[in-house]
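Beneath this line is the structure, given in C-alpha coordinates, with notes to follow.
The values are calculated or read from the model by the stated rules, or taken from the named source; none is laboratory data. Everything numeric in this text was worked out from a predicted model, so none of it was measured. All Cβ positions, even for glycine, are placed from backbone atoms using ideal geometry, and neighbour counts span all protein chains on display.
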Number of protein chains: 2
Amino acid sequence: MSDTRTPATAADARRAELVPTLARAFADLGYAGATTAALARACKLRENQLYRLWPSKKAMFLATLDYLYEMETRWWRDRLAEAEHDPAAAARAILDEEGRRRGETGLHRIIFAGLHEADDPDVRHAMAQMYQRFHKFIAHVLRRSQTPGSTATASGHGVENSGGGVTPHLGAWALIAFATFSNIARELDLFPVSTQRRLMAEAGGLLTNLPPKNKTKK
Amino acid sequence: MSDTRTPATAADARRAELVPTLARAFADLGYAGATTAALARACKLRENQLYRLWPSKKAMFLATLDYLYEMETRWWRDRLAEAEHDPAAAARAILDEEGRRRGETGLHRIIFAGLHEADDPDVRHAMAQMYQRFHKFIAHVLRRSQTPGSTATASGHGVENSGGGVTPHLGAWALIAFATFSNIARELDLFPVSTQRRLMAEAGGLLTNLPPKNKTKK
DNA sequence: CTCAAGTGTAAGTATCCACTTACGTCTTGC
DNA sequence: GCAAGACGTAAGTGGATACTTACACTTGAG
(Lines give C-alpha, C1' and ligand atoms only; values in the text may rest on other atoms or scores of the structure.)
Protein backbone atom coordinates (compact mmCIF):
# COMPACT_ATOMS: atom_id res chain seq x y z
CA MET A 1 0.00 0.00 0.00
CA SER A 2 3.03 2.22 0.31
CA ASP A 3 5.11 1.70 -2.80
CA THR A 4 3.93 0.18 -6.01
CA ARG A 5 2.86 -3.33 -5.15
CA THR A 6 3.98 -4.00 -1.60
CA PRO A 7 6.58 -6.71 -1.93
CA ALA A 8 5.40 -8.77 1.03
CA THR A 9 8.90 -9.25 2.27
CA ALA A 10 9.92 -11.55 5.04
CA ALA A 11 9.77 -8.56 7.35
CA ASP A 12 6.16 -8.01 6.37
CA ALA A 13 5.33 -11.58 7.19
CA ARG A 14 7.10 -11.22 10.48
CA ARG A 15 5.16 -8.11 11.33
CA ALA A 16 1.86 -9.74 10.46
CA GLU A 17 2.81 -12.68 12.62
CA LEU A 18 3.67 -10.54 15.61
CA VAL A 19 0.89 -7.98 15.58
CA PRO A 20 -1.66 -10.17 17.38
CA THR A 21 0.81 -10.62 20.20
CA LEU A 22 1.38 -6.89 20.36
CA ALA A 23 -2.36 -6.35 20.44
CA ARG A 24 -2.72 -8.71 23.34
CA ALA A 25 0.08 -7.01 25.20
CA PHE A 26 -1.31 -3.52 24.64
CA ALA A 27 -4.74 -4.75 25.71
CA ASP A 28 -3.43 -6.37 28.85
CA LEU A 29 -1.03 -3.68 29.91
CA GLY A 30 -2.31 -0.47 28.40
CA TYR A 31 -0.12 1.78 26.33
CA ALA A 32 2.12 3.08 29.06
CA GLY A 33 2.18 -0.26 30.83
CA ALA A 34 3.28 -2.02 27.68
CA THR A 35 6.92 -1.01 27.87
CA THR A 36 9.11 -1.91 24.97
CA ALA A 37 10.75 -4.48 27.21
CA ALA A 38 7.37 -6.02 27.97
CA LEU A 39 6.40 -6.02 24.31
CA ALA A 40 9.62 -7.74 23.37
CA ARG A 41 9.15 -10.32 26.10
CA ALA A 42 5.62 -11.00 24.91
CA CYS A 43 6.93 -11.55 21.40
CA LYS A 44 9.81 -13.61 22.72
CA LEU A 45 12.25 -11.27 21.11
CA ARG A 46 14.68 -8.57 22.21
CA GLU A 47 13.62 -4.96 22.10
CA ASN A 48 16.13 -4.53 19.40
CA GLN A 49 14.45 -6.92 17.06
CA LEU A 50 11.15 -5.16 17.47
CA TYR A 51 12.83 -1.95 16.46
CA ARG A 52 14.09 -3.59 13.33
CA LEU A 53 10.46 -4.20 12.37
CA TRP A 54 8.87 -0.95 13.50
CA PRO A 55 10.55 2.40 13.88
CA SER A 56 8.93 3.27 17.19
CA LYS A 57 6.58 2.13 19.88
CA LYS A 58 3.95 4.40 18.46
CA ALA A 59 4.24 2.62 15.13
CA MET A 60 3.68 -0.66 16.92
CA PHE A 61 0.58 0.76 18.50
CA LEU A 62 -0.76 2.05 15.22
CA ALA A 63 -0.11 -1.31 13.62
CA THR A 64 -2.11 -2.82 16.42
CA LEU A 65 -4.99 -0.45 15.78
CA ASP A 66 -4.90 -1.36 12.12
CA TYR A 67 -4.94 -5.02 12.91
CA LEU A 68 -7.87 -4.70 15.27
CA TYR A 69 -9.76 -2.67 12.77
CA GLU A 70 -9.20 -5.38 10.20
CA MET A 71 -10.38 -8.06 12.59
CA GLU A 72 -13.48 -6.18 13.59
CA THR A 73 -14.32 -5.32 10.03
CA ARG A 74 -14.04 -8.91 8.95
CA TRP A 75 -16.42 -10.01 11.67
CA TRP A 76 -18.90 -7.26 10.89
CA ARG A 77 -18.74 -8.02 7.22
CA ASP A 78 -19.84 -11.54 7.95
CA ARG A 79 -22.82 -10.15 9.80
CA LEU A 80 -23.51 -7.96 6.83
CA ALA A 81 -23.70 -11.01 4.62
CA GLU A 82 -26.34 -12.41 6.92
CA ALA A 83 -28.04 -9.07 6.94
CA GLU A 84 -28.69 -9.34 3.24
CA HIS A 85 -31.00 -12.24 3.91
CA ASP A 86 -32.47 -11.34 7.28
CA PRO A 87 -31.45 -7.86 8.41
CA ALA A 88 -33.45 -7.93 11.61
CA ALA A 89 -31.91 -11.21 12.71
CA ALA A 90 -28.43 -9.92 11.98
CA ALA A 91 -29.08 -6.77 13.93
CA ARG A 92 -30.32 -8.76 16.87
CA ALA A 93 -27.31 -11.02 16.74
CA ILE A 94 -25.06 -7.98 16.82
CA LEU A 95 -26.88 -6.59 19.80
CA ASP A 96 -26.60 -9.88 21.61
CA GLU A 97 -22.99 -10.62 20.96
CA GLU A 98 -21.27 -7.33 20.77
CA GLY A 99 -20.50 -7.03 24.45
CA ARG A 100 -18.89 -10.41 24.62
CA ARG A 101 -16.70 -9.88 21.61
CA ARG A 102 -15.23 -6.61 22.75
CA GLY A 103 -14.33 -8.20 26.01
CA GLU A 104 -12.43 -10.93 24.27
CA THR A 105 -10.35 -8.86 21.96
CA GLY A 106 -9.52 -6.35 24.65
CA LEU A 107 -10.19 -3.70 22.06
CA HIS A 108 -11.61 -1.34 24.62
CA ARG A 109 -8.48 -1.34 26.72
CA ILE A 110 -6.51 -0.40 23.69
CA ILE A 111 -9.00 2.33 23.00
CA PHE A 112 -8.67 3.72 26.50
CA ALA A 113 -4.95 3.58 26.13
CA GLY A 114 -5.26 5.47 22.88
CA LEU A 115 -7.62 8.04 24.34
CA HIS A 116 -5.28 8.70 27.14
CA GLU A 117 -2.16 8.87 25.06
CA ALA A 118 -4.08 10.64 22.36
CA ASP A 119 -2.17 13.85 22.47
CA ASP A 120 -0.72 12.32 19.38
CA PRO A 121 -2.70 13.29 16.30
CA ASP A 122 -1.92 10.09 14.42
CA VAL A 123 -3.34 7.92 17.16
CA ARG A 124 -6.32 10.18 17.47
CA HIS A 125 -7.04 10.04 13.80
CA ALA A 126 -6.73 6.28 13.59
CA MET A 127 -9.16 5.84 16.43
CA ALA A 128 -11.65 8.34 15.14
CA GLN A 129 -11.65 6.63 11.78
CA MET A 130 -12.25 3.30 13.44
CA TYR A 131 -15.29 4.61 15.25
CA GLN A 132 -16.63 6.40 12.20
CA ARG A 133 -16.50 3.29 10.09
CA PHE A 134 -18.18 1.21 12.71
CA HIS A 135 -20.88 3.77 12.93
CA LYS A 136 -21.38 3.81 9.23
CA PHE A 137 -21.69 0.08 9.12
CA ILE A 138 -24.05 -0.23 12.04
CA ALA A 139 -26.24 2.56 10.78
CA HIS A 140 -26.40 0.74 7.48
CA VAL A 141 -27.52 -2.47 9.10
CA LEU A 142 -30.06 -0.62 11.19
CA ARG A 143 -31.49 1.12 8.19
CA ARG A 144 -32.08 -2.20 6.52
CA SER A 145 -33.48 -3.92 9.56
CA GLN A 146 -35.72 -1.12 10.70
CA THR A 147 -37.65 -1.08 7.46
CA PRO A 148 -38.82 -4.65 7.01
CA GLY A 149 -41.55 -3.76 4.54
CA SER A 150 -41.92 -0.04 4.22
CA THR A 151 -39.60 2.03 2.12
CA ALA A 152 -38.65 4.89 4.38
CA THR A 153 -39.07 5.07 8.13
CA ALA A 154 -36.73 7.94 8.61
CA SER A 155 -38.20 10.72 6.54
CA GLY A 156 -35.61 13.39 6.91
CA HIS A 157 -36.31 14.63 10.39
CA GLY A 158 -38.39 11.65 11.36
CA VAL A 159 -37.31 11.68 14.94
CA GLU A 160 -40.35 10.18 16.53
CA ASN A 161 -40.82 7.00 14.54
CA SER A 162 -43.77 4.72 14.74
CA GLY A 163 -44.03 3.68 18.34
CA GLY A 164 -40.36 4.17 19.21
CA GLY A 165 -36.84 4.10 17.98
CA VAL A 166 -34.63 6.88 16.77
CA THR A 167 -32.97 7.46 13.45
CA PRO A 168 -30.44 4.81 12.44
CA HIS A 169 -27.78 7.46 12.67
CA LEU A 170 -28.52 8.20 16.28
CA GLY A 171 -29.32 4.59 17.10
CA ALA A 172 -25.97 3.44 15.83
CA TRP A 173 -24.17 5.91 18.06
CA ALA A 174 -26.27 4.77 20.96
CA LEU A 175 -25.29 1.16 20.39
CA ILE A 176 -21.65 2.09 20.16
CA ALA A 177 -22.03 4.06 23.35
CA PHE A 178 -23.49 1.04 25.10
CA ALA A 179 -20.74 -1.23 23.86
CA THR A 180 -18.08 1.21 24.92
CA PHE A 181 -19.52 1.88 28.32
CA SER A 182 -20.06 -1.81 28.92
CA ASN A 183 -16.33 -2.20 28.75
CA ILE A 184 -15.76 0.56 31.24
CA ALA A 185 -18.32 -1.10 33.45
CA ARG A 186 -16.57 -4.41 33.16
CA GLU A 187 -13.28 -2.76 33.96
CA LEU A 188 -14.72 -1.29 37.12
CA ASP A 189 -17.08 -4.11 38.01
CA LEU A 190 -20.02 -1.76 37.86
CA PHE A 191 -22.63 -4.33 36.98
CA PRO A 192 -22.85 -8.02 36.06
CA VAL A 193 -22.74 -9.35 32.53
CA SER A 194 -26.47 -9.88 32.58
CA THR A 195 -27.01 -6.14 32.91
CA GLN A 196 -24.58 -5.54 30.12
CA ARG A 197 -26.48 -7.81 27.81
CA ARG A 198 -29.79 -6.32 28.80
CA LEU A 199 -28.39 -2.92 28.05
CA MET A 200 -27.57 -3.97 24.54
CA ALA A 201 -30.61 -6.14 23.90
CA GLU A 202 -33.39 -4.23 25.62
CA ALA A 203 -32.24 -0.65 25.47
CA GLY A 204 -30.60 -1.18 22.11
CA GLY A 205 -33.60 -2.99 20.75
CA LEU A 206 -35.93 -0.28 21.93
CA LEU A 207 -33.85 2.47 20.39
CA THR A 208 -33.41 0.73 17.11
CA ASN A 209 -37.05 -0.30 17.06
CA LEU A 210 -36.34 -3.95 16.44
CA PRO A 211 -39.03 -6.48 17.11
CA PRO A 212 -38.17 -8.28 20.36
CA LYS A 213 -36.77 -11.72 19.96
CA ASN A 214 -40.12 -13.31 20.69
CA LYS A 215 -38.77 -16.83 20.95
CA THR A 216 -41.27 -19.59 21.76
CA LYS A 217 -43.67 -17.09 23.23
CA LYS A 218 -43.99 -18.66 26.69
CA MET B 1 -13.60 11.93 59.38
CA SER B 2 -10.38 10.15 60.23
CA ASP B 3 -9.69 10.83 63.89
CA THR B 4 -12.18 12.20 66.33
CA ARG B 5 -13.09 15.56 64.99
CA THR B 6 -10.65 16.36 62.20
CA PRO B 7 -8.76 19.40 63.41
CA ALA B 8 -9.02 21.36 60.17
CA THR B 9 -5.44 22.44 60.35
CA ALA B 10 -3.82 25.04 58.15
CA ALA B 11 -2.57 22.19 56.00
CA ASP B 12 -6.13 21.03 55.50
CA ALA B 13 -7.17 24.47 54.39
CA ARG B 14 -4.24 24.56 52.05
CA ARG B 15 -5.16 21.23 50.53
CA ALA B 16 -8.76 22.28 50.02
CA GLU B 17 -7.56 25.44 48.38
CA LEU B 18 -5.28 23.64 45.96
CA VAL B 19 -7.40 20.67 44.94
CA PRO B 20 -9.37 22.51 42.27
CA THR B 21 -6.14 23.49 40.62
CA LEU B 22 -4.95 19.91 40.74
CA ALA B 23 -8.23 18.80 39.22
CA ARG B 24 -7.83 21.20 36.39
CA ALA B 25 -4.29 20.06 35.77
CA PHE B 26 -5.20 16.38 35.80
CA ALA B 27 -8.10 17.09 33.49
CA ASP B 28 -5.98 19.06 31.06
CA LEU B 29 -2.95 16.84 31.04
CA GLY B 30 -4.13 13.39 31.99
CA TYR B 31 -2.58 11.42 34.79
CA ALA B 32 0.73 10.65 33.17
CA GLY B 33 0.90 14.02 31.51
CA ALA B 34 0.40 15.78 34.80
CA THR B 35 3.94 15.39 36.04
CA THR B 36 4.69 16.48 39.55
CA ALA B 37 6.60 19.38 38.07
CA ALA B 38 3.56 20.40 36.06
CA LEU B 39 1.28 20.06 39.06
CA ALA B 40 3.56 22.22 41.14
CA ARG B 41 3.75 24.81 38.40
CA ALA B 42 -0.03 24.87 38.14
CA CYS B 43 -0.27 25.46 41.88
CA LYS B 44 2.49 28.03 41.76
CA LEU B 45 4.49 25.99 44.21
CA ARG B 46 7.57 23.78 44.17
CA GLU B 47 7.17 20.06 43.89
CA ASN B 48 8.49 19.90 47.35
CA GLN B 49 5.67 21.84 48.84
CA LEU B 50 3.13 19.61 47.22
CA TYR B 51 4.80 16.64 48.82
CA ARG B 52 4.48 18.31 52.18
CA LEU B 53 0.71 18.28 51.67
CA TRP B 54 0.22 14.89 50.05
CA PRO B 55 2.46 11.87 50.41
CA SER B 56 2.41 10.93 46.73
CA LYS B 57 1.10 11.83 43.33
CA LYS B 58 -1.46 9.09 43.63
CA ALA B 59 -2.76 10.72 46.80
CA MET B 60 -3.13 13.96 44.89
CA PHE B 61 -5.10 12.15 42.24
CA LEU B 62 -7.37 10.49 44.76
CA ALA B 63 -7.94 13.82 46.45
CA THR B 64 -8.94 15.15 43.05
CA LEU B 65 -11.41 12.33 42.56
CA ASP B 66 -12.90 13.04 45.96
CA TYR B 67 -13.24 16.68 45.16
CA LEU B 68 -14.92 16.02 41.84
CA TYR B 69 -17.28 13.59 43.44
CA GLU B 70 -18.22 16.24 45.97
CA MET B 71 -18.79 18.79 43.26
CA GLU B 72 -20.94 16.50 41.17
CA THR B 73 -22.93 15.37 44.14
CA ARG B 74 -23.68 18.91 45.13
CA TRP B 75 -24.97 19.69 41.66
CA TRP B 76 -27.06 16.58 41.47
CA ARG B 77 -28.48 17.21 44.89
CA ASP B 78 -29.79 20.52 43.66
CA ARG B 79 -31.52 18.73 40.84
CA LEU B 80 -32.93 16.33 43.37
CA ALA B 81 -34.47 19.23 45.22
CA GLU B 82 -36.16 20.31 42.02
CA ALA B 83 -37.16 16.74 41.38
CA GLU B 84 -39.24 16.71 44.52
CA HIS B 85 -41.55 19.24 42.92
CA ASP B 86 -41.41 18.29 39.26
CA PRO B 87 -39.50 15.06 38.70
CA ALA B 88 -40.03 14.97 34.95
CA ALA B 89 -38.72 18.47 34.50
CA ALA B 90 -35.67 17.68 36.59
CA ALA B 91 -35.00 14.55 34.58
CA ARG B 92 -35.27 16.45 31.37
CA ALA B 93 -32.94 19.12 32.65
CA ILE B 94 -30.40 16.47 33.50
CA LEU B 95 -30.68 14.95 30.06
CA ASP B 96 -30.21 18.31 28.44
CA GLU B 97 -27.34 19.60 30.49
CA GLU B 98 -25.33 16.60 31.41
CA GLY B 99 -23.15 16.57 28.34
CA ARG B 100 -22.20 20.18 28.66
CA ARG B 101 -21.34 19.95 32.32
CA ARG B 102 -19.01 17.01 31.96
CA GLY B 103 -17.19 18.84 29.26
CA GLU B 104 -16.65 21.81 31.50
CA THR B 105 -15.32 20.05 34.53
CA GLY B 106 -13.09 17.81 32.47
CA LEU B 107 -14.28 14.99 34.64
CA HIS B 108 -14.22 12.55 31.80
CA ARG B 109 -10.56 13.13 31.10
CA ILE B 110 -9.80 12.38 34.67
CA ILE B 111 -11.90 9.28 34.40
CA PHE B 112 -10.02 8.11 31.34
CA ALA B 113 -6.82 8.79 33.12
CA GLY B 114 -8.07 6.77 36.04
CA LEU B 115 -9.24 3.94 33.84
CA HIS B 116 -5.90 3.77 32.23
CA GLU B 117 -3.94 3.95 35.43
CA ALA B 118 -6.48 1.73 37.06
CA ASP B 119 -4.15 -1.09 37.80
CA ASP B 120 -4.21 0.57 41.14
CA PRO B 121 -7.01 -0.83 43.28
CA ASP B 122 -7.51 2.40 45.21
CA VAL B 123 -8.12 4.39 42.06
CA ARG B 124 -10.35 1.68 40.71
CA HIS B 125 -12.43 1.60 43.82
CA ALA B 126 -12.84 5.35 44.00
CA MET B 127 -14.02 5.48 40.43
CA ALA B 128 -16.39 2.56 40.73
CA GLN B 129 -17.98 4.15 43.76
CA MET B 130 -18.40 7.38 41.90
CA TYR B 131 -20.26 5.67 39.08
CA GLN B 132 -22.36 3.58 41.42
CA ARG B 133 -23.57 6.59 43.33
CA PHE B 134 -24.42 8.45 40.17
CA HIS B 135 -26.36 5.50 38.99
CA LYS B 136 -28.25 5.22 42.23
CA PHE B 137 -29.18 8.85 42.09
CA ILE B 138 -30.24 8.89 38.47
CA ALA B 139 -32.27 5.73 38.84
CA HIS B 140 -34.00 7.38 41.76
CA VAL B 141 -34.91 10.43 39.75
CA LEU B 142 -36.09 8.28 36.88
CA ARG B 143 -38.27 6.20 39.12
CA ARG B 144 -40.01 9.31 40.33
CA SER B 145 -40.37 10.90 36.94
CA GLN B 146 -41.49 7.81 35.08
CA THR B 147 -44.50 7.31 37.29
CA PRO B 148 -46.30 10.63 37.22
CA GLY B 149 -49.62 9.20 38.32
CA SER B 150 -49.54 5.46 38.50
CA THR B 151 -47.98 3.60 41.39
CA ALA B 152 -45.79 1.01 39.70
CA THR B 153 -44.66 1.01 36.11
CA ALA B 154 -41.90 -1.48 36.59
CA SER B 155 -43.63 -4.55 37.93
CA GLY B 156 -40.76 -6.83 38.68
CA HIS B 157 -39.78 -7.94 35.22
CA GLY B 158 -41.67 -5.21 33.50
CA VAL B 159 -39.28 -4.97 30.65
CA GLU B 160 -41.63 -3.83 27.96
CA ASN B 161 -43.33 -0.91 29.59
CA SER B 162 -46.26 0.94 28.28
CA GLY B 163 -45.20 2.17 24.86
CA GLY B 164 -41.49 2.26 25.58
CA GLY B 165 -38.83 2.81 28.17
CA VAL B 166 -36.86 0.36 30.20
CA THR B 167 -36.55 -0.06 33.92
CA PRO B 168 -35.08 2.92 35.75
CA HIS B 169 -32.15 0.74 36.68
CA LEU B 170 -31.27 0.04 33.07
CA GLY B 171 -32.27 3.48 31.91
CA ALA B 172 -29.91 5.11 34.35
CA TRP B 173 -27.01 3.04 33.08
CA ALA B 174 -27.96 3.94 29.55
CA LEU B 175 -27.88 7.63 30.35
CA ILE B 176 -24.50 7.29 32.02
CA ALA B 177 -23.30 5.41 29.00
CA PHE B 178 -24.42 8.22 26.73
CA ALA B 179 -22.76 10.84 28.87
CA THR B 180 -19.54 8.89 29.01
CA PHE B 181 -19.43 8.11 25.34
CA SER B 182 -20.26 11.69 24.46
CA ASN B 183 -17.00 12.66 26.05
CA ILE B 184 -15.08 10.11 24.08
CA ALA B 185 -16.80 11.41 20.99
CA ARG B 186 -15.87 14.95 21.84
CA GLU B 187 -12.31 13.89 22.44
CA LEU B 188 -12.14 12.30 19.01
CA ASP B 189 -14.40 14.73 17.18
CA LEU B 190 -16.74 11.92 16.24
CA PHE B 191 -19.85 14.02 15.96
CA PRO B 192 -21.00 17.60 16.58
CA VAL B 193 -22.48 18.81 19.82
CA SER B 194 -25.93 18.74 18.31
CA THR B 195 -25.71 14.98 17.92
CA GLN B 196 -24.49 14.68 21.45
CA ARG B 197 -27.48 16.54 22.76
CA ARG B 198 -29.86 14.57 20.60
CA LEU B 199 -28.36 11.41 21.94
CA MET B 200 -29.13 12.48 25.47
CA ALA B 201 -32.48 14.09 24.79
CA GLU B 202 -34.03 11.83 22.18
CA ALA B 203 -32.47 8.48 22.88
CA GLY B 204 -32.38 9.13 26.61
CA GLY B 205 -35.92 10.40 26.62
CA LEU B 206 -37.14 7.39 24.71
CA LEU B 207 -35.42 4.96 27.02
CA THR B 208 -36.60 6.63 30.16
CA ASN B 209 -40.06 7.06 28.76
CA LEU B 210 -40.18 10.75 29.47
CA PRO B 211 -42.74 12.90 27.72
CA PRO B 212 -40.92 14.83 24.99
CA LYS B 213 -40.28 18.43 25.78
CA ASN B 214 -43.26 19.55 23.75
CA LYS B 215 -42.53 23.24 24.10
CA THR B 216 -44.82 25.64 22.23
CA LYS B 217 -45.89 22.86 19.91
CA LYS B 218 -44.89 24.49 16.63
C1' DC C 1 15.79 36.68 72.63
C1' DT C 2 15.30 31.77 71.29
C1' DC C 3 14.01 27.69 69.85
C1' DA C 4 11.10 25.06 67.02
C1' DA C 5 8.18 24.51 63.47
C1' DG C 6 6.57 26.07 59.02
C1' DT C 7 7.70 28.11 54.33
C1' DG C 8 10.35 29.05 50.17
C1' DT C 9 14.19 27.81 46.95
C1' DA C 10 17.32 24.87 44.78
C1' DA C 11 19.78 20.94 43.83
C1' DG C 12 19.91 16.28 43.92
C1' DT C 13 18.92 10.81 43.44
C1' DA C 14 17.21 6.66 41.86
C1' DT C 15 14.61 4.59 38.58
C1' DC C 16 12.47 3.69 34.48
C1' DC C 17 11.99 3.58 29.62
C1' DA C 18 12.21 4.44 24.61
C1' DC C 19 15.61 3.77 21.70
C1' DT C 20 20.77 2.67 20.16
C1' DT C 21 25.31 0.57 19.42
C1' DA C 22 28.31 -3.12 19.25
C1' DC C 23 29.31 -7.55 18.00
C1' DG C 24 29.14 -12.37 16.96
C1' DT C 25 26.62 -15.98 14.25
C1' DC C 26 23.78 -17.73 10.87
C1' DT C 27 21.80 -17.80 5.99
C1' DT C 28 22.12 -17.07 1.07
C1' DG C 29 23.10 -15.66 -3.55
C1' DC C 30 27.05 -16.09 -6.63
C1' DG D 1 33.98 -20.53 -0.51
C1' DC D 2 32.70 -16.01 0.62
C1' DA D 3 30.98 -11.43 0.97
C1' DA D 4 26.68 -9.21 2.50
C1' DG D 5 23.00 -8.88 4.83
C1' DA D 6 19.60 -10.89 8.29
C1' DC D 7 19.29 -12.60 12.97
C1' DG D 8 20.43 -13.19 18.00
C1' DT D 9 22.36 -11.40 22.34
C1' DA D 10 23.91 -8.03 25.43
C1' DA D 11 25.10 -3.77 27.08
C1' DG D 12 24.46 0.86 26.94
C1' DT D 13 22.54 6.15 26.64
C1' DG D 14 19.98 10.12 27.28
C1' DG D 15 16.20 12.00 29.08
C1' DA D 16 12.18 12.22 31.88
C1' DT D 17 10.11 11.90 36.41
C1' DA D 18 8.48 10.70 41.15
C1' DC D 19 10.29 11.72 45.21
C1' DT D 20 14.23 13.56 48.61
C1' DT D 21 17.59 16.28 50.96
C1' DA D 22 19.82 20.50 52.21
C1' DC D 23 19.53 24.94 53.64
C1' DA D 24 18.22 29.76 54.46
C1' DC D 25 14.34 32.71 55.93
C1' DT D 26 10.18 33.83 58.52
C1' DT D 27 7.13 33.54 62.44
C1' DG D 28 5.35 33.12 66.80
C1' DA D 29 5.02 31.15 71.56
C1' DG D 30 7.39 31.12 75.99
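Okay, residues lined up against (1) at pLDDT below 75; (2) more than 16 Å from DNA strand D (Cβ to nearest atom); (3) crowded, with 20+ Cβ neighbours inside 10 Å:
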residue: A:A8; (1), (2), (3): yes, no, no
residue: A:A23; (1), (2), (3): no, yes, yes
residue: A:A27; (1), (2), (3): no, yes, yes
residue: A:A38; (1), (2), (3): no, no, no
residue: A:K44; (1), (2), (3): no, no, no
residue: A:N48; (1), (2), (3): no, no, no
residue: A:F61; (1), (2), (3): no, yes, yes
residue: A:P87; (1), (2), (3): yes, yes, yes
residue: A:A91; (1), (2), (3): yes, yes, yes
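So that you can scan it fast, the table gives a plain yes or no per residue for (1) among the β-branched types (V, I, T); (2) within 16 Å of DNA strand C (Cβ to nearest atom); (3) away from chain A (no Cβ under 14 Å):
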{"residue": "B:T36", "(1), (2), (3)": "yes, yes, yes"}
{"residue": "B:T73", "(1), (2), (3)": "yes, no, yes"}
{"residue": "B:L80", "(1), (2), (3)": "no, no, yes"}
{"residue": "B:R92", "(1), (2), (3)": "no, no, yes"}
Being away from DNA strand C (no atom under 13 Å from the Cβ) and either touching a Pro at 6+ places or on another chain (Cβ under 6 Å) or closer than 13 Å to A:G114 by Cβ (or both) narrows A:D28, A:D66 down to just A:D66
Residue pairs qualifying under the 7 Å Cβ cut-off, at least six apart or on distinct chains, with the first in segment B:57-74 being closer than 14 Å to B:T36 by Cα and the second being outside any helix (DSSP H, G or I) and within 16 Å of DNA strand C (Cβ to nearest atom), are B:K58/B:D120; B:M60/B:W54
Filtering segment A:157-169 down to residues that are at the interface with chain B (Cβ under 7 Å from one of its Cβ atoms), crowded, with 23+ Cβ neighbours inside 10 Å and at pLDDT below 85 yields none
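Here's the yes/no breakdown for (1) within 9 Å of chain B (Cβ to nearest Cβ); (2) at pLDDT 75 or above:
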position	(1), (2)
A:I110	no, yes
A:A118	yes, no
A:V123	no, yes
A:Y131	yes, yes
A:F134	no, yes
A:R144	no, yes
A:T151	no, no
A:S155	no, no
Filtering segment A:170-199 down to residues that are surrounded by fewer than 21 Cβ atoms within 10 Å (Cβ to Cβ), more than 8 Å from chain B (Cβ to nearest Cβ) and hydrophobic (A, V, I, L, M, F, W, C) yields A:V193
